[in-house]
1. When you count, for each residue, the other Cβ atoms within 10 Å and take the mean per peptide, how do 173-180, 155-162 rank with the highest first?
2. Among 256-265, 107-116, 365-374, how do they line up by average Cβ neighbours within 10 Å per residue, starting with the highest?
3. Write down Rg/Rh for the stretch 1-76, rounded to two decimals, with Rg from the C-alpha atoms and Rh from the Kirkwood relation over Cα pairs.
4. Among 199-207, 391-399, 221-229, what's the highest-first ranking by average C-beta atoms within 10 angstrom per residue?
5. Hey, what do the phi angles of the stretch 147-157 turn into as Karplus ³J(HN,Hα) couplings, whole Hz, using 6.51/-1.76/1.60 and θ = phi - 60°, x for Gly and Pro?
6. Computed from the mean reciprocal separation of all distinct C-alpha pairs, what Kirkwood hydrodynamic radius does the stretch 200-252 have, in Å?
7. Translational diffusion coefficient, Stokes-Einstein: compute it for the stretch 256-410 using the Kirkwood radius over C-alpha pairs as Rh, at 4 °C and 1.567 mPa s, and state it as an integer in µm² s⁻¹.
8. Filter the GluC sites (Glu not before Pro) in the stretch 21-130 to those in DSSP coil with at most 13 other Cβ atoms within 10 Å of their Cβ, and list the result.
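Rule-based calculations on the coordinates, nothing more; no lab input. It should be emphasised that the depicted structure is a prediction, and the values quoted were computed from it without experimental measurement. Every residue, glycine among them, receives a Cβ derived from its backbone with ideal geometry; neighbour counts consider all protein chains shown.
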Amino acid sequence: MTQPIAIVGTACRFPGARTPDQLWQLLLDGRDTIAPAPPAGRFDTTPVLDRHGRVMGLAGGYLDHEDFDPGLFAVTDREAAAMDPQHKVLLATARDALLDAGLTTRSPADVGVFMGQSTGEHWDSHRGPVDMHDIAGSAARSMASGRISHAWDLRGPCATVDAACSSGTLAVHLACQSLRTDECDTALAGGVSLVLGTDHTAGYAAAGLLSPTGRCHFGDKRADGFVRSDGAAVLVLKRLDRALADGDTVQGVILGSAQAGKGRTAKSVIAPSVEGYVQVITRACATAGITPSDLGYVEAHGNAAPAGDAVELQAIGATAGPCLVGSIKSTIGHPEAAGGLAGILKAALVLRHRTIPAGPRPLSPTSTVDWKGLGLTPVRTRTDWPGTGPAYAGVNTYGLSGTFVHVVLGEPPVHSGRT
């Protein structure tokens with residue numbers, strides 16, 4: 001069993017939710033935040049044809065515009081003009097997470113910064129001459145973490161990771177490892193993804209990955225792919241013993257985590273495999289000091305691709321069943337590099353409230369999955385946490401480059417917080 005890690009600060013930006021509290025209320029209300037098109041002026045929405053020659057839909061989960069004050073983040077006006085909007089959103093989210101954790105000073109600190117970013121559509125759309133402001137502001141994804149370290153004079157480890165849709169959860173995993181090896185005493189872990197163009201959307205649509213009906217239906221017979229969404233989240237992490245000694249409010253506890261590549265266990269480089277999921281779930285639970293059967297709920301990667309869902313659910317059933325399963329993507333769509341962070345926030349809130357919200361639409365479980373045989377129960381209505389004993393939840397993610405990450409969370413201590 002490894003040293004537990006406390007979540008002592010959280011912040012997020014997801015469609016329909018600018019704070020974790022709003023995200024929880026959104027889940028309880030059972031609302032769907034998918035819009036038919038991006039906000040006006042976001043990017044050129046000239047009709048794009050799919051592989052069948054039909055106009056491709058641009059339904060997605062989009063964030064509203066948020067003003068950016070460069071002076072708050074040690075950014076010059078010239079730098080701000082060239083900056084990837086993803087980094088602006090991530091800076092604002094990091095600020096809110098630090099405030100939530102009670103870290104308000106701007107003095108040199110042994111704080112690590114681990115951020116996940118996979119796409120860079122702002123840079124992809126760049127045309128014309130290029131200078132160093134463009135390189136540092138948009139081309140260099142490493143600045144997702146570097147800007148945060150610079151803004152608050154944070155002098156712990158600093159890294160941006162790209163593991164596709166596992167980027168954010170991999171950042172959390174690496175931050176936890178850094179804390180356990182005393183590389184830093186506090187860490188920020190997060191991720192960001194904004195839909196800023198149509199090229200990636202067209203590519204995903206051509207591969208048959210996007211939902212033509214514009215909705216994520218995880219585990220449902222209507223599942224036909226995912227919907228792209230904006231999102232950002234940042235967690236402030238400390239070792240649990242230090243957080244309690246410091247009098248921090250512990251919002252959740254990461255008991256263990258693991259990452260694994262799938263090698264050649266699937267037919268293609270982008271496809272998930274049962275073996276990969278089983279391996280990472282088993283490893284994460286071992287580091288957490290529990291068995292997979294102790295998991296009462298698993299927040300699935302659940303991107304609503306019928307074949308992908310079936311693979312993931314088979315793996316969960318083979319390791320963690322019997323348990324409840326769900327996916328936040330049914331509510332907010334798929335925020336890609338930040339998707340797993342949405343799942344971690346949801347799982348932490350589920351454990352804190354001992355309540356599991358249902359999705360935004362009536363669920364018709366797919367018949368391609370042997371739910372009963374696998375010991376899996378999809379969350380169809382708001383459900384109280386089963387039993388009165390210790391509660392554990394797992395969060396799955398998979399990136400199309402082949403990276404699985406699983407994070408195991410436990411309940412926060414009953415008594416924690418500043419007095």
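1. Numbers: 173-180: 22.5, 155-162: 19.9.
Per-residue mean Cβ counts within 10 Å order the peptides as 173-180, 155-162.
2. Working: 256-265: 18.8, 107-116: 22.9, 365-374: 14.4.
The packing order, highest mean first, is 107-116, 256-265, 365-374.
3. Ratio of gyration radius to Kirkwood radius for the stretch 1-76: 1.13.
4. The packing order, highest mean first, is 391-399, 221-229, 199-207.
5. These are the phi-based 3J(HN,Hα) values: 4, 5, 4, 5, 4, 10, 6, 8, 10, x, x Hz.
6. Answer for the stretch 200-252: a Kirkwood hydrodynamic radius of 14.6 Å.
7. So the translational diffusion coefficient is about 85 µm²/s.
8. When the GluC sites (Glu not before Pro) of the stretch 21-130 are filtered for loop state and at most 13 Cβ neighbours within 10 Å, GLU66 remain.
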